[in-house]
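Student: To start, I am sharing the structure in question, which I have written as structure tokens.
FYI, it's all coordinate maths here, none of it is from the lab. Remember, it's a predicted structure, so these values are computed and weren't measured experimentally. In this analysis, Cβ positions are derived from the backbone assuming ideal geometry, glycine residues included, and neighbour counts consider all displayed protein chains.
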Amino acid sequence: MNDILHIYVGGAQPDPCFATIGEAIAYASRGYAPSPAAYPAPDEELPPVVIHIAPGVYREKLVLERPYVTLLGSSAQDTVLVWGDYARQVLEDGSQRGTFRTAAFRIHTHDVTLEQLTIRNDAGCGRRVGQAIALYADGDRLHLKHCRLLGSQDTLFTAPLPLKEAQPGGFVGPGEHLPRTMGRQYYEHCYIQGDVNFIFGGAIC
């Protein structure tokens, strides 16, 4: 059994300690090349990582592609990851961001646990800004425990995408050209808040 690597974010904590969650994920992921998605997910010879996150509000847009990672907050009320991208946001090229590029946090790997965290998209009301994903969960054996997912329209996306979009360009984003690989996701004692279509996607949940 590989030894567990402990990493810390925020506060006066042991080394290695970082100011942001993104820096901690980058440190844990150094040298790792993401594997193609598969169901069931393969076993990989990697040490498990626990990222301990001190209380605070972390305004970051995050992507996790390294498996066997646990993000552990102090409590869902006190440890908050937040970002505010939204579908109707106009980009530099004049196009709109679209649904699948809005996520505050995107997981694209297997064997990830989130515990005692809030993930929030604070873009605002879906009637005004359109879709605004808090968590884009794409992978097998994902486990959320005592977490809060907060948003308005399309709060939680449980990938994969459908085979075909309803309108051209509707799937623009990180999963657009990926195989539609099914994953298993378990949400235990979680609170998920939204309005329109706020839990959607094709995973086994």
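Student: Those residues that are farther than 23 Å from V57 by Cβ, of a type outside the set (D, E) and in contact with a Gly (Cβ under 7 Å, 6 or more places away or on another chain), I need them from segment 100-142; list them, please.
Tutor: Scanning segment 100-142 gives F100, H108, T109, H110, G139, L142.
Student: Pick from D15, D3: which is free of Cβ contacts under 8 Å to residues at least 24 places away in the same chain and assigned to a loop (DSSP other than H, G, I, E, B)?
Tutor: Working: D3 fails: free of Cβ contacts under 8 Å to residues at least 24 places away in the same chain.
Answer to the check: D15.
Student: Considering only residues that are in a strand (DSSP E or B) and free of Cβ contacts under 8 Å to residues at least 40 places away in the same chain, look in segment 67-95 and name the one that is surrounded by the fewest Cβ atoms within 10 Å (Cβ to Cβ). Spell out how you get there, then give the answer.
Tutor: Going residue by residue through segment 67-95, those that are in a strand (DSSP E or B) are 69-72, 79-83, 90.
Okay, now just the ones that are also free of Cβ contacts under 8 Å to residues at least 40 places away in the same chain, so 79, 83, 90.
Details: T79: 27, W83: 21, V90: 9.
Once the filter is applied, the top-ranked residue is V90.
Student: Any idea which residue in segment 7-19 is farthest from T79 (Cα to Cα), counting only those that are out of contact with any helix residue (DSSP H, G or I) (no Cβ under 8 Å at 6 or more places or on another chain) and crowded, with 16+ Cβ neighbours inside 10 Å? Step through it out loud before you land on a result.
Tutor: Quick first cut of segment 7-19, residues out of contact with any helix residue (DSSP H, G or I) (no Cβ under 8 Å at 6 or more places or on another chain) only: 10-15, 17, 19.
From the residues that got through so far, the ones that are crowded, with 16+ Cβ neighbours inside 10 Å too are 10, 17.
Values: G10: 11, C17: 16 Å.
Only one residue tops the list, namely C17.
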